[in-house]
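The values are calculated or read from the model by the stated rules, or taken from the named source; none is laboratory data. As the structure is a prediction and not an experimental result, all values here were calculated from the model. Glycine gets a Cβ as well: all are built from the backbone with ideal geometry, and neighbour counts include every protein chain shown. Surface areas here come from the heavy atoms of the whole protein model, side chains and all, with no ligands, DNA or RNA. Shrake-Rupley method; radii C 1.70, N 1.55, O 1.52, S 1.80 Å.
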Amino acid sequence: MFPYLVCQFAKSTVSNLVKECFGSDFPNIINKRQINYIYNYLSDLGAESVLLESSYVDKDYLEDYSNYYVKCFNEYGSRSARLHFFSKHIDHTVMDNVLANACQKDLDDIQESYLGFIVVKPLPKTFIGKTCLRTYPAFAIDECRNLISRDYVVNLFGIELKVNSIAFQEQDKVLSACATTAIWSSLHAIEWKDTKNISSCGKITSSAINHISDSSNRFPNNGLTNKQILRALDVEGLKHQRFDVGSKDKIFFFNKVKSHIDSGLPLILGAKIYELSSHEKPRYLGGHAVTVLGYKDLEGHESVYIHDDRIGPFARAAIEPLSKYEGESEGFNDRWCLTLQEKDEYSNWKKPHQILVPESIIIPSHRKNRIPESYVRNTCDYIVAGYDSFVKSLESAGKDVSLHKDKVRYKIKLQQVGRYKKEILFSSLVNKSEVLLSSLARFQWVASFLFGADKVFDVLFDATDIPQGNAVSIIAKYDKGKFDLIAARLAKFNDVEKISNRFHGEHFWDSFLSSIKLAGNSYQSYLDEKYGALRAPKYLTEKEVQSFIDGESRLDTFYGECESSLDEKFALHKDKKLIWAISHEGALLIGAEKDGLGHPSITGLKPARIAGELFYENYCWAINSKSGRYSGDYKDSNELLKNALLKFKEVFYLSRDQIEHRPFYPE
């Protein structure tokens with residue numbers, strides 16, 4: 001058996017290669033609808049060469065083969081073939097040279113031209129197995145499009161190749177239904193799922209139909225109910241949410257698609273299929289399930305991108321009104337639909353041939369994601385409604401609203417907190433340190449609010465919380481001025497009850513309102529700003545540790561005003577230096593410095609804020625910020641020292657005119 005064959009990319013050569021592998025009785029694969037779609041797709045990507053890997057062990061097919069096909073009377077075989085596609089000229093000479101004398105440049109050239117692969121199963125009719133094709137370049141450069149994809153590593157005779165895609169396959173009408181392949185593709189689209197551990201379609205079907213009343217583990221399988229789809233996702237250890245979209249407008253549907261695709265979460269769409277004809281009414285074909293993996297958000301031309309096992313990967317489905325298509329049929333009314341279009345071999349769009357009338361969407365997610373997107377969206381709608389209400393009240397009062405001409409809008413996505421913090425590490429966040437240093441749950445719904453074209457703030461919602469909880473984790477501010485403007489208006493928004501009834505209590509408005517009222521107003525943040533964030537002592541001496549153990553104290557603690565002057569309180573220390581520090585709770589600590597006993601001896605070895613020396617000089621008391629243990633790494637130590645001086649004057653008000661500060665500049 002030959003290990004591989006290579007030829008130019010064309011319909012005839014592709015079909016001929018497969019026949020060489022499986023025999024002349026194998027059907028002409030290019031006559032298949034999905035192969036035509038894939039051929040046109042690859043032509044758009046500039047395919048030039050195709051390589052047939054004649055013997056390939058595909059994990060998914062092998063699992064299904066061992067569970068079902070091996071028991072068949074006809075011998076279908078356990079080995080598959082794999083077709084690889086390239087955008088550059090590749091022939092046997094090129095491949096032989098690479099395999100014999102591989103150099104990095106040759107490997108890089110092959111990788112650069114690699115467009116992906118198709119697994120061809122040894123089944124006469126449903127032979128399109130795992131298929132991973134490079135996504136269109138437009139998705140990488142067009143801001144109005146977004147698509148879920150991941151890297152698949154391919155080993156071709158020891159040559160490691162990568163293709164960025166989401167796996168597709170046609171339904172095996174024996175072991176799976178369209179819903180099964182939709183589940184299978186959605187599992188591939190979830191980034192934390194290891195593709196090597198994703199169940200085959202046969203196993204997914206078994207998971208779906210077992211333990212459901214009135215069903216049995218039998219093949220062939222004719223289809224899955226929504227309940228069975230949810231059961232299959234349960235077995236995969238996934239959380240899931242189901243929404244009926246049949247009675248909703250297209251905005252509801254498209255918002256769900258956008259927020260979850262932006263979150264890296266695919267959607268399983270259940271719909272009715274109608275075939276279009278230029279002379280007849282749309283004809284109902286039956287129910288169907290597809291995987292939604294992307295969208296195009298261009299006003300008036302909104303589309304979604306789907307894996308449809310009847311068509312191919314990343315098929316475009318435009319969102320259009322049903323009224324565009326004449327005739328009446330069961331389930332038709334003044335609603336919207338998804339129009340399926342394909343390209344011809346010249347890359348021109350053909351007339352729509354079918355429409356999907358959506359009925360439901362199922363969204364698989366991480367088990368820890370307990371908060372539905374709808375709670376977050378409703379809260380964001382509150383925020384927008386509150387600000388709009390304020391602007392309208394200004395207009396009604398005849399006041400200038402020029403500062404508020406830009407609409408407040410938002411977008412939502414689910415993120416792992418580590419990735420979010422990585423993204424903001426180089427951002428211009430006003431409270432970046434607060435956000436980066438905050439302990440947050442692993443999964444966060446991030447609602448980004450924009451004022452015109454500028455991002456003003458992000459609200460992070462703990463996606464692992466409960467719907468009845470206080471889910472707002474933190475607010476990240478990009479523009480403090482605009483945020484304060486919006487927050488001040490929202491804090492006075494008194495129309496909450498009316499809007500709350502609209503969302504049936506499914507929101508976190510109260511949690512958000514508490515957050516904006518508390519943001520930046522805590523005593524801790526005040527102390528951090530005035531006297532510096534807490535610092536642990538840089539090091540400790542043995543004497544300091546022993547002194548703490550022995551309970552020795554040479555410390556005066558001042559929480560408020562002192563009835564004695566500095567002269568009276570420290571008359572015996574005018575000829576020597578004292579040490580001082582601002583404690584973690586904002587108290588002024590003053591003590592004596594002895595050999596081996598420095599600032600940690602007056603703080604109890606605890607973290608503290610700005611610290612320094614207190615000494616009598618030229619008939620007045622002076623302070624500096626000389627403390628290698630606490631003050632050494634404050635960028636604004638001299639500003640903090642000025643604030644500490646005010647603290648001294650507040651405590652020793654009888655000596656306020658005799659206290660000065662001496663900026664300390666380390667050598």
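Of note:
- Strands (runs of 3 or more DSSP E) within the stretch 362-464 that include 3 or more residues more than 17 Å from the chain's Cα centre (by Cα): 454-462
- Test: residue in the stretch 246-268 that is closer than 16 Å to Pro321 by Cα, open to solvent by less than 60 Å² (accessible area, probe 1.4 Å), of a type in the set (Val, Ile, Thr) and in contact with a strand residue (DSSP E or B) (Cβ under 7 Å, 6 or more places away or on another chain): no
- The stretch 168-203, residues that are modelled with pLDDT of 85 or more, in a helix (DSSP H, G or I) and either of a type in the set (A, V, I, L, M) or within 20 Å of Leu269 (Cα to Cα) (or both): Ala179, Thr180, Thr181, Ala182, Ile183, Trp184, Ser185, Ser186, Leu187, His188, Ala189
- Hits in the stretch 11-23 - residues which are modelled with pLDDT of 80 or more and surrounded by fewer than 15 Cβ atoms within 10 Å (Cβ to Cβ): Ser12
- Matching option when the condition is aromatic (Phe, Trp, Tyr), modelled with pLDDT under 70, open to solvent by less than 40 Å² (accessible area, probe 1.4 Å) and more than 42 Å from the chain's Cα centre (by Cα), among Phe26, Phe73: Phe26
- Qualifying residue in the stretch 355-363 (condition: in contact with a strand residue (DSSP E or B) (Cβ under 7 Å, 6 or more places away or on another chain) and either charged (D, E, K, R) or at pLDDT below 90 (or both)): yes
- Residue that is farthest from Tyr616 (Cα to Cα), among those in the stretch 550-573 that are open to solvent by less than 40 Å² (accessible area, probe 1.4 Å) and of a type in the set (Phe, Trp, Tyr): Phe558
- Condition broken by Ser522, with the remaining ones in (1) modelled with pLDDT of 75 or more; (2) open to solvent by 50 Å² or more (accessible area, probe 1.4 Å); (3) out of contact with any strand residue (DSSP E or B) (no Cβ under 9 Å at 6 or more places or on another chain); (4) polar (S, T, N, Q) satisfied: (1)
- Within the stretch 525-542, the set of residues being of a type in the set (Lys, Arg) and loosely packed, with under 15 Cβ neighbours inside 10 Å comprises just one member, Lys538.
- Restricting attention to the stretch 451-474, the residues being within 24 Å of Glu506 (Cβ to Cβ) and open to solvent by 10 Å² or more (accessible area, probe 1.4 Å) number 11.
- Among the conditions (1) surrounded by fewer than 22 Cβ atoms within 10 Å (Cβ to Cβ); (2) within 30 Å of Arg442 (Cα to Cα), the only one that Thr379 does not satisfy is (1).
- Asn624 falls short on exactly one of the conditions (1) free of Cβ contacts under 8 Å to residues at least 60 places away in the same chain; (2) on the phi > 0 side of the Ramachandran plot, and that condition is (2).
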